[in-house]
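Engineer: This structure is in structure tokens; I'll ask about it shortly.
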Amino acid sequence: MPTTLISGGTVVSSTGKALADVLIDGETIVAVLAPGTKSLGTDLKSSVDHLLDATGKYVIPGGIDAHTHMEMPFGGTEASDTFETGTRAAAWGGTTTIVDFAIQRHGERIMDSLAAWHERAAGQCAVDYGFHQIVGDVNDDSLKVMGSLVDEGVSSYKLFMAYPGVFYSDDAQIYKAMRVGAETGLMTMMHAENGPAIDAMVGELLAQGKTDPYYHGVARAWQMEEEATHRAIMLANLTSAPLYVVHVSAKQAVEQLAAARDNGQNVFGETCPQYLYLNLEDQLGAPGFEGAKWVCSTPLRSKHENHQEHMWRALRTNDLQMVSTDHCPFCMKGQKELGLGDFSKIPNGMGTVEHRMDLMYQGVVNGKISLERWVEITSTTPARMFGMYGKKGVIAPGADADIVIYDPRGHTSIGLEKTHHMRVDYSAWEGFEIDGHVDTVLSRGRIIINENTYLGDKNHGEYVHRAPSQYLI
Ligand code: URP
Ligand code: ZN
Ligand code: ZN
């Protein structure tokens with residue numbers, strides 16, 4: 001097996017940082033050593049196959065994006081990134097594992113949908129990948145089969161309180177599914193928005209001629225998110241199900257999660273970069289149809305209501321535990337355009353998988369989070385939350401050599417013409433400047449990005465058979 005030494009860097013973990021060398025044998029980290037350690041009197045540098053100089057740079061565990069939707073069917077079209085293009089973009093941005101969603105639609109069987117998503121991803125991924133299971137049809141058969149998902153390495157499933165007629169589950173279905181989740185060691189992930197009430201408001205707005213993308217944000221008011229988050233928490237309380245609320249954007253929803261956690265309940269929350277940097281007025285309210293670029297659910301929130309500061313604070317105080325992207329891009333041409341004249345027909349989602357590590361590092365530079373917290377919310381906690389820790393999320397002997405060398409003196413200008421590798425015809429992050437740079441990325445010991453060159457291939461990524469969450473009690 002080829003050996004690699006990453007020397008001279010500052011190894012950052014969720015709990016601290018130290019100058020150290022990292023020795024890799026094949027796909028696995030075998031040692032984290034004091035700088036310059038010799039082996040049997042020989043300088044390690046001269047005895048390894050590959051030497052990577054990380055002097056002046058951070059050496060961190062590869063990013064884990066626990067919420068992506070490659071090729072997701074939505075609103076009569078499909079997310080524009082395939083597993084091939086989306087995982088390649090992830091690699092460029094220092095993400096070495098994604099957890100995507102197998103999708104059970106109405107009338108489909110869970111295991112058939114899981115098999116179909118395996119087929120889509122196998123042999124197509126530049127980095128490792130796992131699956132959560134979307135349960136879009138909670139019925140007797142689904143409830144029976146959910147029990148065996150853990151055996152498939154799928155230790156989490158997602159329900160939707162939004163999107164009536166598509167993925168929506170009513171309270172009785174949620175209650176029943178959560179009971180199974182609680183009994184079988186599955187993490188219940190929840191899209192918490194009151195879908196039926198949103199649809200009623202959408203109808204009112206459209207009838208008033210309010211058809212622009214901006215009204216997507218008006219219809220999906222924070223009250224819709226707070227109410228659903230509270231209801232999900234109460235149903236989880238009743239059933240003893242562990243609960244993970246996805247794409248939290250409203251400060252009131254965070255308060256619901258914080259109160260439940262203070263009360264001893266096993267609930268968690270994730271936010272996404274878009275809710276930390278973008279807002280209703282400047283993005284969704286952009287002139288003409290431009291706002292469609294940022295139509296996603298939950299929506300971007302008003303800059304006048306202080307949601308963003310609350311999100312950053314919640315990340316610091318652990319009221320929110322992780323940052324994922326909810327990567328689900330659609331091109332403006334031919335896809336977002338489906339909603340010209342009717343915002344409710346704009347496919348929901350935007351592309352961020354490539355930029356999450358950079359955008360969150362900018363949070364370190366801006367004094368919003370610490371360096372260690374950056375590693376924790378982008379890698380270590382996702383690994384622990386979704387049953388991958390030990391192999392993933394940590395630089396330690398025995399772990400997969402998923403490693404990013406990050407240059408704090410480098411710079412990244414985000415934009416379609418500059419650093420964009422996602423398969424989407426615009427950048428939702430156009431013009432963002434990052435005071436840092438992903439220099440080198442290793443996935444299971446293989447260098448897949450080196451100094452602005454892609455060296456990976458679509459056959460490299462392997463399926464991650466996940467264990468139950470470390471946070472189950
Ligand atoms: O807008 C979004 N979030 N699109 C993807 C589907 C979902 O709800 O996560
Ligand atoms: Zn969702
Ligand atoms: Zn999503």
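Engineer: Residues that are outside any loop (DSSP other than H, G, I, E, B), farther than 24 Å from A79 by Cβ and not β-branched (V, I, T): does the stretch 426-438 have at least one?
Structural biologist: Step one: of the stretch 426-438, the residues outside any loop (DSSP other than H, G, I, E, B) are 433-434, 437-438.
Narrowing further to those that are farther than 24 Å from A79 by Cβ: 433-434, 437.
Now restrict to residues that are not β-branched (V, I, T): 433, 437.
So far as the stretch 426-438 goes, yes, one or more of its residues are outside any loop (DSSP other than H, G, I, E, B), farther than 24 Å from A79 by Cβ and not β-branched (V, I, T).
Engineer: Does at least one position in the stretch 302-318 carry a residue that is closer than 21 Å to N348 by Cα and within 16 Å of ligand 2 (Cβ to nearest atom)?
Structural biologist: No, the conditions are met nowhere in the stretch 302-318.
Engineer: Can you find even one residue in the stretch 247-270 that is hydroxyl-bearing (S, T, Y), within 16 Å of A314 (Cα to Cα) and touching a residue at least 60 places away in the same chain (Cβ under 8 Å)? Lay out the reasoning, then the answer.
Structural biologist: As a first pass, look at the stretch 247-270 and keep what is hydroxyl-bearing (S, T, Y): 249.
From what is left, the residues that are within 16 Å of A314 (Cα to Cα) are 249.
Within this subset, residues satisfying the condition of being touching a residue at least 60 places away in the same chain (Cβ under 8 Å) are 249.
Within the stretch 247-270, one or more residues are hydroxyl-bearing (S, T, Y), within 16 Å of A314 (Cα to Cα) and touching a residue at least 60 places away in the same chain (Cβ under 8 Å).
Engineer: Between H327, H304, which is farther than 24 Å from I377 by Cβ and either away from ligand 1 (no atom under 15 Å from the Cβ) or out of contact with any helix residue (DSSP H, G or I) (no Cβ under 6 Å at 6 or more places or on another chain) (or both)?
Structural biologist: Values: H327 fails: farther than 24 Å from I377 by Cβ.
When all the criteria are applied, what remains is H304.
Engineer: crowded, with 23+ Cβ neighbours inside 10 Å and aliphatic (A, V, I, L, M): which single residue out of V150, V127 fits that description? Steps first, answer last, please.
Structural biologist: Values: V150 fails: crowded, with 23+ Cβ neighbours inside 10 Å.
So the residue among V150, V127 that is crowded, with 23+ Cβ neighbours inside 10 Å and aliphatic (A, V, I, L, M) is V127.
Engineer: Right, here's the next one. Against the condition within 16 Å of ligand 3 (Cβ to nearest atom), surrounded by 14 or more Cβ atoms within 10 Å (Cβ to Cβ) and within 21 Å of the chain's Cα centre (by Cα), how does I98 come out, does it pass? Even if it seems obvious, please write down each step before you answer.
Structural biologist: Values: within 16 Å of ligand 3 (Cβ to nearest atom): yes; surrounded by 14 or more Cβ atoms within 10 Å (Cβ to Cβ): yes; within 21 Å of the chain's Cα centre (by Cα): yes.
Judged against the criteria, I98 is a match.
Engineer: A further question follows. Of all residues in the stretch 336-367, which are free of Cβ contacts under 8 Å to residues at least 60 places away in the same chain and outside any helix (DSSP H, G or I)?
Structural biologist: Within the stretch 336-367, L340, N366, G367 qualify.
Engineer: Which of the residues belonging to the stretch 148-165 are hydrophobic (A, V, I, L, M, F, W, C), within 16 Å of ligand 2 (Cβ to nearest atom) and in contact (Cβ under 8 Å) with a residue 40 or more places away in the chain? Explain how you work it out, then say what you get.
Structural biologist: So the first thing to find is which residues in the stretch 148-165 are hydrophobic (A, V, I, L, M, F, W, C), and the list is 149-150, 154, 159-162.
From what's left, within 16 Å of ligand 2 (Cβ to nearest atom): 159-162.
Result: M161, A162.
Engineer: Looking only at the stretch 203-255, which residues are surrounded by fewer than 18 Cβ atoms within 10 Å (Cβ to Cβ) and within 16 Å of ligand 2 (Cβ to nearest atom)?
Structural biologist: R231
Engineer: Turning to a different aspect of this structure: Do you know which residues across the stretch 42-66 are surrounded by fewer than 24 Cβ atoms within 10 Å (Cβ to Cβ), in contact with a Lys or Arg (Cβ under 7 Å, 6 or more places away or on another chain) and part of a strand (DSSP E or B)?
Structural biologist: Within the stretch 42-66, just L51 meets the criteria.
Engineer: Let me ask something else. Right, Q283: closer than 30 Å to F386 by Cα, away from ligand 3 (no atom under 16 Å from the Cβ) and at pLDDT 95 or above or not?
Structural biologist: No, not satisfied.
Engineer: Please verify whether the stretch 85-98 includes one or more residues that are within 16 Å of ligand 2 (Cβ to nearest atom) and closer than 25 Å to K418 by Cβ.
Structural biologist: Checked the stretch 85-98: at least one residue is within 16 Å of ligand 2 (Cβ to nearest atom) and closer than 25 Å to K418 by Cβ.
Engineer: Name the residue that is farthest from L359 (Cα to Cα), counting only residues in the stretch 309-335 that are among the charged types (D, E, K, R) and touching a residue at least 12 places away in the same chain (Cβ under 8 Å).
Structural biologist: To start, the set of residues in the stretch 309-335 that are among the charged types (D, E, K, R) comprises 309, 313, 316, 319, 326, 333.
Next, only the ones that are touching a residue at least 12 places away in the same chain (Cβ under 8 Å) stay: 316, 319, 326, 333.
On the way: R316: 16, D319: 20, D326: 14, K333: 26 Å.
Ranking the candidates gives K333 first.
Engineer: Here's another thing I want to ask about it. Return the pair list, or none, for Cβ contacts closer than 9 Å from residues in the stretch 287-306 that are within 16 Å of ligand 3 (Cβ to nearest atom) to residues that are among the basic types (K, R) and in a loop (DSSP other than H, G, I, E, B), at least 6 apart or on different chains.
Structural biologist: Sorted first by the residue in the stretch 287-306, then by its partner, the pairs are S297/R220; T298/R220; P299/R220.
The values are calculated or read from the model by the stated rules, or taken from the named source; none is laboratory data. All values derive from a computational prediction rather than experimental measurement. Quick reminder, even Gly has a Cβ in these numbers, built from the backbone with ideal geometry, and neighbours come from all protein chains shown.
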